[in-house]
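Have a look at the structure below before the remarks.
The values are calculated or read from the model by the stated rules, or taken from the named source; none is laboratory data. Just so it is clear, the structure is predicted and the values come from calculations on it, not from any experiment. Heads up, the Cβs are rebuilt from the backbone with ideal geometry, glycines too, and the neighbour counts pull from every protein chain shown. To get the accessible areas, we keep the full protein, side chains included, count just its heavy atoms, and leave off ligands, DNA and RNA. Shrake-Rupley method; radii C 1.70, N 1.55, O 1.52, S 1.80 Å.
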Amino acid sequence: MCGIVGYVGPQAAAPIVLQGLRQLEYRGYDSAGLAVIDADGEIAVRREKGKLSGLSNLIDAEPVQGSIGVGHTRWATHGPPSRRNAHPHASPDGDLVVVQNGIVENFLDLRTRLQAQGYHFDSDTDTEVIVHLIHHYYGNGCHGDLAASVRRALRDLKGPSAVVVLSKNWPDRLIAARLGNAGGVVVGRGEGEMYIASDIPAILRHTREITFLESRQMAVITADGAAYFDLDGRPVAKEPLLIDWNPTAAEKGEYRHFMQKEIFEQGRSLTDTLRGRLNFSTASVELDTLNLPPDAVNKLEKVTIVACGTSYYSALLGKYYIERLARIPVEVDYASEYRYRQPLVTDKQLVVAITQSGETVDTLAALEEARQGGAGTLAIVNAIGSQAARVCDGYLYMQAGPEIGVASTKAFTASVTDLLLLGLYLGQARGTVDEATRKELVHALSTLPGLAGELLDEAFHGRRYQALAEELHGYHNFLYLGRALHYPIAREGALKLKEISYIHAEGYPAGEMKHGPIALIDEQMPTVAIAPRDSIYDKMISQIEQVKARGGLVLAVATAGDEYIQQKADYVLEIPATHELLLPILAVIPLQVFAYEMALRRGADVDQPRNLAKSVTVE
Ligand code: F6R
């Protein structure tokens, strides 16, 4: 939430910062702003309400020149979206500016204190207390030492914050600091120039040599490099990581939206997820980053999976896979609930976090709770080098490549695939999956990217989905039904529809319909039934009958060539046949495309749905 980009070097800073912010706009688009030190040595600030295009237009009209700068794209917490609440926020004399990602939990106390000292507040934001605090300590106690003033100010803050500070009195440097889980801060090295950003894609065009700032660390960044310190001022040695993402992976290319691109590249992303992990000769999976040797697996008594949103629905499938393949009890919790129920944690437990961004603050807090209770921890994560991957005992990358669209798509199919691999890995270590099943699954997994690719090819080139969305986009409510493996897919399908098209949609276990939701069924409430040919196919057919008997419209996701369902349902979206455990990975794809096409017809902003942001770094 909120995106930050900074640059120092020989080039013009504003275009680099703006381009970086464009890659981070998924993190918030309530307002945007930028500051550079201009030729007169003054800080020039431009801020605008709304999306980055507004700021870009403003800069075209009122250009800024300078080779050191910082920018911000905002997801509003304190104070509504407006120009005056947009970052950067400046000190009273305009000598320094601050951009922030996070929340100052004690901002009311700090504001009252600063007001008593004579500070005037121009905005409703919590960020403004930070700039005034730094300004105050700069002149009181820190003897004009900028880094020391930032450290001192941060000591007063409660809650997570990542800040970048620019001062006209120190025109050769940017100071970045991080307190708690406020979202990432990455520092990138170029040739005689340096970059800062909240996330790697923002600076991937310029550098792949990335250093991650941890909580309670700061970086003093000049064109020649960065020096790292802890918040007590002690130097910290840090090693950069070489990121092997292709910069074009974070660009839209020929596609209209990132979400469209990310849906349609799932054939490729699933190949990457599986690459190097299937061993055909031993019919096994190889996951060397788990840090879980077979004897550790055999000591496990329980697995807990924590996640939020789409990742939570992936976790529901993980429960199914791990219990079925490894015969270990699995509980699944919303990460945002986990630590508030005083969970029972033991050292015979593995806590798995699923998180695309690796930054979701609720998920990181749940991991911390688990770690303190003595459990082993594992992150299934997409963002390379992100916090979740760094704090866990082991990790498994989704390898889906950068996901920019706010609605998660390819990371969902990648994380479900990772969970299936994990289930198999645990099962093979515990001897609970026989060789024939392993062979069958390893083979089925190897064909998965091809099947997804075929399905998507047809969806991309045909008119099936467009025609369907033409007919259905006027409805205001949808019910999604699935059973067993397809219940999480019903939830995920409903979430995709509601978050990008703003149509109300409920995902429900099909068998529960008769216990209440069936009362909602009428001709105004279409039902999406996820009913491929699996072991409970007949049960899903009877749910479809029940909806039809009450005058409801049915859109079914079914196995290709299923003529029976063609007769029962009003509309059918087909998926190829495969092993039962892999069906949900294919079944979700038509629901992603359907939600996308529906949103387009309702004129919604697919990549930046209202009120949402990717990487939820506030509680
Ligand atoms: C929905 C979506 C969100 C995220 C959730 C968790 O499309 O993207 O529901 O899944 O905010 O995010 P991560 O996986 O980054 O922890």
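Points worth noting:
- Inter-label distance, Tyr255 to Glu512: 3.1 nm, where each label sits 7 Å from its Cα along the C-beta direction.
- Taking every DSSP helix (H) stretch of at least 4 residues in the chain, weighting each as -39,500 (n - 2.57) and dividing the sum by the residue count yields a mean residue ellipticity at 222 nm of -11500 deg cm²/dmol.
- Å² of accessible area per residue within the chain, as computed with a 1.4 Å probe and no ligands counted: 37
- Per residue, the Cα convex hull of the chain amounts to 155 Å³.
- By the rule of a C-alpha distance below 22 Å, with chain neighbours fewer than 8 residues away ignored, the lysines paired with Lys439 are Lys319.
- For region 264-452, the mean projected area of the C-alpha convex hull, equal to one quarter of the hull surface, is 9.5 nm².
- Stokes-Einstein translational diffusion, region 462-601 - Kirkwood Rh over all Cα pairs, 0.890 mPa s, 25 °C, in µm²/s: 169
- Where the Cα pairs of region 301-353 fall when distances are cut into 5 Å bins, in %: 5, 21, 31, 24, 15, 3, 0
- Charge tally around Tyr502: other residues with Cβ under 10 Å, Lys/Arg +1 each, Asp/Glu -1 each, net +2.
- Efficiency of FRET from Cβ geometry, Lys539 and Glu471, R₀ 22 Å, rounded to 0.05: 0.20
- Sequence-distant lysines (8 or more away, or on other chains) whose Cα lies within less than 21 Å of Lys548: Lys514, Lys539, Lys568
- Distance between modelled label sites at Asp40 and Glu523, nm, 7 Å Cα→Cβ extension: 7.0
- Taking chymotrypsin sites (Phe, Trp or Tyr not before Pro) across region 1-83, none is in a DSSP loop with at most 12 further Cβ atoms lying within 10 angstrom of its Cβ.
- Extension gain (nm, one decimal) between Leu242 and Glu580, 0.36 nm per residue minus Cα-Cα: 117.8 nm
- Across all directions, the shadow cast by the convex hull of region 23-148 built on its C-alpha atoms averages 8.1 square nanometres.
- C-alpha long axis of helix 435-461 to longest principal axis of the chain, angle in °: 70
- By accessible area, using a 1.4 Å probe on protein heavy atoms only, the chain has 48% of its surface on carbon and sulfur.
- In this entry, region 509-572 is assigned a mean projected area of 3.9 nm², taken as a quarter of its C-alpha convex hull surface.
- Geometric extent, Cα atoms of region 88-219 - Rg, Dmax (angstrom): 14.7, 46
- Solvent-accessible surface (1.4 angstrom probe) belonging to Met194, in square angstrom, nearest 10: 10
- Partner lysines whose Cα lies under 22 Å from the Cα of Lys261, excluding those fewer than 8 positions away in the same chain, are identified as Lys51, Lys252, Lys410, Lys496, Lys498, Lys614.
- Basic side chains Lys and Arg get +1 at the Cβ, acidic Asp and Glu get -1 at the Cβ, and with that the dipole of the chain about its Cα centre reaches some 580 debye.
- Förster radius 30 Å - calculated FRET efficiency between Ala549 and Glu454 (Cβ-Cβ, nearest 0.05): 0.30
- Label-zone membership for region 368-396, site Arg234, 7 angstrom Cα→C-beta point, backbone N under 13 Å: none
- For region 72-131, the pair-distance distribution built from all alpha carbon pairs, in bins 5 Å wide starting at 0, is 4, 20, 32, 27, 15, 3, 0 percent.
- Crossing angle, helix 361-372 versus the chain [Cα axis fit, 0-90 degrees, rounded to tens]: 80
- Rounded to the nearest 10 degrees, the inclination of helix 127-139 to the longest alpha-carbon principal axis of the chain is 30 degrees.
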